[in-house]
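Reviewing the structure listed below.
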Amino acid sequence: MIFRNCAGGVVFYANQVFLLKNEKNEWVLPKGKIRDEDTSIDAALSRVKIETSMDAEILSTAGETCYEFFSISRKQPVCNQIIWFIMTTKTKEFVVNKKLGFKEGGFYPIDEALNMISYSQDQSLVNLSYKKYKEMMKERKERVAV
């Protein structure tokens, strides 16, 4: 089995989260492999930029997920362990990178996104990340108001 360390972003804009539809018609979050010279933070920000063209800001860690699949091209199982970060962006502008096999993407209201996301662990990740995101945004507003 091949083990890969990956990183990704749960990107929020206001009360919406960004999702991508991949070549298998699965709704997923932006993520990718951590290259040797990169940190998990570098990889997460880079993958969000490469897959969506967005400049995002990391607010916090979100947790980790892990999944396995059989790679037809490698002819063996692969285990991806993903470190996730809660991110925000200042604009809803994005460009889906179709060269990477993504069909579409966009910002979706949380309730709608939770129904769209293909994998239950990603649904849980988004749900928990949104709660944490709302708390951080509330604290940020309170600090600015003081």
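Quick look at the values:
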quantity	calculated
Condition met for Tyr67 (surrounded by fewer than 17 Cβ atoms within 10 Å (Cβ to Cβ) and either out of contact with any Leu (no Cβ under 6 Å at 6 or more places or on another chain) or hydroxyl-bearing (Ser, Thr, Tyr) (or both))	yes
Verdict on Leu45 being of a type outside the set (S, T, N, Q), under 16 Å from the mean Cα position of the chain (by Cα) and not in a strand (DSSP E or B)	yes
Members of region 96-146 that are under 17 Å from Thr52 (Cβ atoms) and touching a helix residue (DSSP H, G or I) at 6+ places or on another chain (Cβ under 7 Å)	Val96, Asn97, Leu100, Phe102, Gly105, Tyr108, Ala113, Ile117, Val126
Selection within region 59-106 - part of a loop (DSSP other than H, G, I, E, B) and within 28 Å of Lys132 (Cβ to Cβ)	Thr89, Lys90, Thr91, Lys92, Glu93, Phe94, Val95, Val96, Asn97, Phe102
Candidate set: region 107-132, residues that are part of a strand (DSSP E or B) and out of contact with any Lys or Arg (no Cβ under 6 Å at 6 or more places or on another chain); chosen: the one surrounded by the fewest Cβ atoms within 10 Å (Cβ to Cβ)	Pro109
Unique residue being outside any loop (DSSP other than H, G, I, E, B), surrounded by 14 or more Cβ atoms within 10 Å (Cβ to Cβ) and either acidic (Asp, Glu) or at positive phi (or both) when the list is Glu142, Glu51, Glu135	Glu51
Residue within region 128-136 that is among the hydrophobic types (A, V, I, L, M, F, W, C) and without any contact (Cβ under 8 Å) to a residue 60 or more places away in the chain present	no
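Where a number appears in this text, it was derived from the coordinates with a stated rule and is not lab data. Bear in mind the structure is a predicted one, so any value in this text is a computation, not a measurement. Please note: Cβ atoms are built from the backbone with ideal geometry, for glycine as well, and neighbour counts cover all protein chains shown.
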